[in-house]
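> Below you will find the structure I want to go over with you.
The values are calculated or read from the model by the stated rules, or taken from the named source; none is laboratory data. Remember, it's a predicted structure, so these values are computed and weren't measured experimentally. Virtual Cβ from ideal backbone geometry, glycine too; neighbours counted across all protein chains shown.
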Amino acid sequence: MTEIITFDRLIDQIKNYIHKEEDLKRIEAAYKLSFFQHEGQFRKSGEPYITHPLAVAHILAMLNAGPNTLVAALLHDLVEDTSTTLDDLKNQFGDDVKELVDGVTKISKISFNVEVSQADNHQKMLLAMSKDIRVILIKIADRLHNMRTIEAQSIEKQVKIATETLDIYAPLAHRLGLFIIKAELEDRCLKILNAPYYHRISNMIENQKNIRSKSIEDMITVINEELHANLKNTYKIFGRTKNIFSIYKKMVNQQKAFEDIYDILAIRIIVDKIETCYQVLGIIHANFIPIPKRFKDYIAVPKPNMYQSLHTTILSDDGAIYEIQIRTEEMDRIAEYGVAAHWAYKENKEYSKEKEQFEIAQKLKWYGELLKMTEDVDDNSSGANEFVETIKTDILEANVYVFTPKGQVIELNKGCTPIDFAYRIHSDIGNKAVGAMVNNKIVPLDYELETGDIVSIRTAKNSPGPSEDWIKIAKSAHARHKIKGFLNKQNRDQLFESGKNSVDREAAANKADLSKLDDEFVKKHFSKNMVLDLESLYIEVGKGILSPKTVIAKLIGKEIDKESILQRQLEKAQRILTTNHSTGVIVEGLNTPQIKIANCCLPVPGDHIVGYVTKGSGIAVHHEDCPNIKSLTENRLVDVYWASNITRKYPTRIKIMGINRENILSEIISTINSTNLTIAEINAISNQNLENITTLKLLTSTRQDLETAMVNLLKISDIYHIERKFT
């Protein structure tokens, strides 16, 4: 059972580093308010609700969090679960506490049930984090206590919470350098998500505990003798064990047996200063056999979460393998507590949230990248998905370290290529990249980079820029986003040129004065189409959404003869219908029977179809989803399929629903004209609800062409639904 934290226990922990009476009184006032407002509320475990905010505050006090963070932790559920408002908190505890509670409240409202909203809500969580990193520290502490007390939840809820924790919160704790919390979250998640594996590893550790402890103690004794003889500085040395989840990952990912995971035996040496770290390393290597390629200098090249240490792996006389970590006291504190060590409260220190955030962004490089990314995020579901994908692949999962020719460390996710590297340096470098060199050797742009590679990118001013293929080559969401952005802009430029040329030709044919065609004119005449400037107008014409005839007609004050345009469309459709006789449908097991396309559903090539043997009229071919199929005699149904290489066009119907407004019909016709479809019939009605319902009979060769047209029609302003029409 999880230990219940009392206020006395909390305040004793806080008094280890906070001594100002005014700060302690504010914390006590926050506790009293939380106790009063949560009175009568209970957790699912049956404990009074106040035990939760006390536990969250205690976790943060163990990290030496400041007074405002502790106050916010005690109050973090008030706005969501009680009648207390943010203004109430502002009036009693100030703006800083109010903003912290608001940030935590917004994250707490996140629902992870639906994939699209999940991305959107993950985005909101990360954006809240970008504004004040203390918000996520409180939320991680909140999640840790919820994981400690998760047994009271249903099994289904436990799995949901553990999956979410392993997917988002544990990686965030890792990236923030909160190793102790990250390890506990991972182990608790594994216990829920894969209990057999968890207990198996736990039992193996327990069974070998005495043997391994003896091995570590013996090795410490030997190392102590060498350090005493060769080192004047003070030091601490002790053994450590990997957490269960990290052992599980190596057993599963590397297909290793428990006994083969050599760095379970690990020793840490803490010294007074950086120079001593390297002295100790020299002594270790002089007296033990170092295993090749296992030395890592994270002091010279810190990890993105600020972690610094020397790692080396050695072989003892009895053949046992040990990982040795060497670091200073400060490095050890940051290794255990990460960004929380930076936020640790220091008495009498001048406090500035903005300054602290800036310093963290400088030290925590990925956090600085997050701040930049939040400045350029789209406020829509696709933008949210891209943002979260970038966070997950480029930040939470990044773990390959490469170098620029000048020695700058660039962190990428596994599988990344020179293209990903180029875009991580700068968008212009990526857009102008024509080649790459890795370790002074020319490599293709799809070459997979590895830790330690020195990468340089060759660029050309006249480079045509990225191609569609680059999207497949790039492995980071950041690079793919930039490539798509370049291609979209390039496509917009082409549509702009095409649209402008069409308008220019139409203007010349009508001797129209284009000097009046400016942003003001466009906004006045085309705002109903959601076209508000000249550039957008040309692009819409380029897409075929707007007709150049419509634009010039507005410019010269002339009404387009819509009837004659429609009449020409219908005459063209009739010519197509009268010249196409073969159905293009083959009946399984029958030779050239009489076949006709059912008029009730009008299937087209690409649709799933079924044949029905009629009495005296041959075989009627229906769409698989035709409502009439259900009422037909089953033993008269036969298998039919479309012939290959069909060139004729087939009629079908669609129903378009939208808001009735001027020009909506002409825009529908214009959009169809820009596709491979032909209009055969058109029927438009308006009802008293100002709704426009247009039924079109269209001629198409393929279902794909029809669906493309339907997608384009949905882009028209005020059209909100399109469907195939069966009668």
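> Just one of ASN203, ASN243 is out of contact with any Phe, Trp or Tyr (no Cβ under 8 Å at 6 or more places or on another chain) and more than 24 Å from MET62 (Cβ to Cβ); which is it?
ASN203
> Still on this structure, I have one more. Taking only region 201-226 into account, find how many residues are of a type outside the set (Ser, Thr, Tyr) and surrounded by 15 or more Cβ atoms within 10 Å (Cβ to Cβ).
Number satisfying all stated conditions: 9.
> Pairs under 8 Å by beta carbon, first residue modelled with pLDDT of 85 or more and surrounded by fewer than 19 Cβ atoms within 10 Å (Cβ to Cβ) in region 705-727, partner in a loop (DSSP other than H, G, I, E, B) and basic (Lys, Arg), six or more apart or different chains?
none
> Say we look at region 411-455 and pick out the residues that are touching a Phe, Trp or Tyr at 6+ places or on another chain (Cβ under 9 Å), among the hydroxyl-bearing types (Ser, Thr, Tyr) and more than 16 Å from GLY485 (Cβ to Cβ); which of these is surrounded by the fewest Cβ atoms within 10 Å (Cβ to Cβ)?
Restricting to residues being touching a Phe, Trp or Tyr at 6+ places or on another chain (Cβ under 9 Å), among the hydroxyl-bearing types (Ser, Thr, Tyr) and more than 16 Å from GLY485 (Cβ to Cβ), the top hit is THR451.
> Tell me yes or no: at least one residue of region 682-696 is more than 42 Å from the chain's Cα centre (by Cα), at negative phi and crowded, with 17+ Cβ neighbours inside 10 Å.
yes
> Hand me the list of helices (runs of 4 or more DSSP H) wholly inside region 135-233 holding 2 or more residues that are at pLDDT 90 or above.
Hits in region 135-233: 155-164, 179-193, 195-207, 209-230.
> In this structure, does LEU532 turn out to be assigned to a loop (DSSP other than H, G, I, E, B), at pLDDT 55 or above and under 40 Å from the mean Cα position of the chain (by Cα)?
Here the answer is yes, as LEU532 does meet what is asked.
> Quick check: anything in region 248-258 among the hydrophobic types (A, V, I, L, M, F, W, C), surrounded by 13 or more Cβ atoms within 10 Å (Cβ to Cβ), under 40 Å from the mean Cα position of the chain (by Cα) and assigned to a helix (DSSP H, G or I)?
Looking through region 248-258, at least one residue is among the hydrophobic types (A, V, I, L, M, F, W, C), surrounded by 13 or more Cβ atoms within 10 Å (Cβ to Cβ), under 40 Å from the mean Cα position of the chain (by Cα) and assigned to a helix (DSSP H, G or I).
> Regarding THR700, is this residue farther than 26 Å from ALA553 by Cα and outside the structural domain of SER527 (by TED's automatic domain parsing)?
It is true that THR700 is farther than 26 Å from ALA553 by Cα and outside the structural domain of SER527 (by TED's automatic domain parsing).
> Restricting the search to region 480-522, which residues are crowded, with 19+ Cβ neighbours inside 10 Å and either closer than 23 Å to GLU448 by Cβ or not assigned by TED's automatic domain parsing to the domain that holds GLU540 (or both)?
ARG480, HIS481, LYS482, ILE483
> Does THR652 qualify as being closer than 30 Å to GLY542 by Cα and assigned to a loop (DSSP other than H, G, I, E, B)?
Against the criterion (closer than 30 Å to GLY542 by Cα and assigned to a loop (DSSP other than H, G, I, E, B)), THR652 does not qualify.
> Here is a follow-up. Would you confirm, using the coordinates I've provided, whether HIS525 is crowded, with 20+ Cβ neighbours inside 10 Å, modelled with pLDDT under 90 and assigned to a helix (DSSP H, G or I)?
The answer is no for HIS525.
> Name the single residue that is nearest to ASN413 (Cα to Cα) among those in region 460-479 being crowded, with 23+ Cβ neighbours inside 10 Å and at pLDDT below 85.
Result: SER476.
> Condition first: of a type in the set (Lys, Arg) and over 14 Å from SER202 (Cα atoms). Now tell me which residues in region 237-248 satisfy that.
Passing the criteria: only ARG240.
> Test ALA152 against the stated conditions and say whether it is over 27 Å from the mean Cα position of the chain (by Cα) and either among the aliphatic types (A, V, I, L, M) or buried (at least 20 other Cβ atoms within 10 Å of the Cβ) (or both).
Taking the combined requirement at face value, the residue satisfies it.
> Being among the basic types (Lys, Arg) and either surrounded by fewer than 13 Cβ atoms within 10 Å (Cβ to Cβ) or outside any helix (DSSP H, G or I) (or both) narrows it down to one of LYS90, LYS32, so name that one.
None of the others qualify; the one that does is LYS32.
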